[in-house]
Amino acid sequence: MSNDGNVKKLLVSDLWAMKREGKKISMITAYSYPQGLVVDEAGIDIILVGDSLGMVELGYKDTVPVTMEEMLMHIKPVVRAVKRAHIVGDLPFMSYNISVEQAVTNAGILYKDGGCDSVKLEGGSDMADVVRAIVKAGIPVFGHIGLTPQTAAMLGGFKVQGKSIDDAKKVVEDAMALEEAGAFALILEAIPQQLAEVITQKVKIPTVGIGGGPGCDGQVLVFHDLLGLFKRFTPKFVKVYADMYDAQVNSVKEFIKDVQEKNFPAEEHSFNMKNELVEELKKELGL
Ligand code: KIV
């Protein structure tokens, strides 16, 4: 995507350089124009318009029902807001699982119509052909392995992955297969920190952890989790930096009280017209 003014857009090559230079990569989700403005102004490196929007913005019980249309509706305003951060658009469940052709078509829609800088999809070596084809079409792909929420039912639920030696080897194999297929970075979700560290040493592309421990090249959190906006549940790997849910409830409560007690609007929130015009109007209306 193009540069805007003096702000330089972060490219895949910049993210690779960060790994080489040992600079940690910060990543967060965002789903709207105001959220895009906030996280870009804060200086985040990567924004993921994740299918987690299904839960935190649309009220679904998980990410499975999210559609391509919903993803596009949330990617576009973030793209309009952001000048610097690299924006990843998440491919929703069943938008890339049927065939390589379907995956390339839908990756193209998020990239071309949505305007994001890359796409993300979940899955390991099984998805290598899909990743290879999307990359061949010219679209950068972010991999996502370990706990993959879209197919959590196949993994025995929302559980830490890669705990036995065989499972750990499978996650390493997934990481290597995706790197070989051309993925430019990897999300490592809910795996033991030692395993994430080994993968981070083994692959040349950046790893970004969510429940992957401090050894990853970067860290990602969901916007609503970090800001305390989503109270339904908080996974162990989340650090909550604010209580914005309660802050919002309390602000709205104050507004309700102000209205009920006639403290709002005050003089400074109101407009005036000349007294003689008021009198004329009242006279005409018989008031
Ligand atoms: O959709 C999402 O927000 C994600 C993150 C949890 C990595 O995939």
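The values are calculated or read from the model by the stated rules, or taken from the named source; none is laboratory data. As the structure is a prediction and not an experimental result, all values here were calculated from the model. Neighbour counts are summed over all protein chains in view; Cβ atoms, including those assigned to glycine, are modelled from backbone coordinates with ideal geometry.
Key figures
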quantity: One residue from A153, A81, A133 being in the same structural domain as Y33 (by TED's automatic domain parsing) and surrounded by fewer than 19 Cβ atoms within 10 Å (Cβ to Cβ); calculated: A153
quantity: Pick from the range 177-214, criterion of a type in the set (V, I, T) and assigned to a helix (DSSP H, G or I), ranking: farthest from S52 (Cα to Cα); calculated: V198
quantity: Residue check, E122 out of contact with any Gly (no Cβ under 6 Å at 6 or more places or on another chain), of a type in the set (D, E) and either closer than 28 Å to H74 by Cβ or buried (at least 23 other Cβ atoms within 10 Å of the Cβ) (or both); calculated: yes
quantity: Matching entry among F271, F230, F264 (being at pLDDT below 95 and not in a helix (DSSP H, G or I)); calculated: F230
quantity: Residue identified as more than 26 Å from G213 (Cα to Cα) and either buried (at least 18 other Cβ atoms within 10 Å of the Cβ) or among the acidic types (D, E) (or both) among Y96, Y33; calculated: Y96
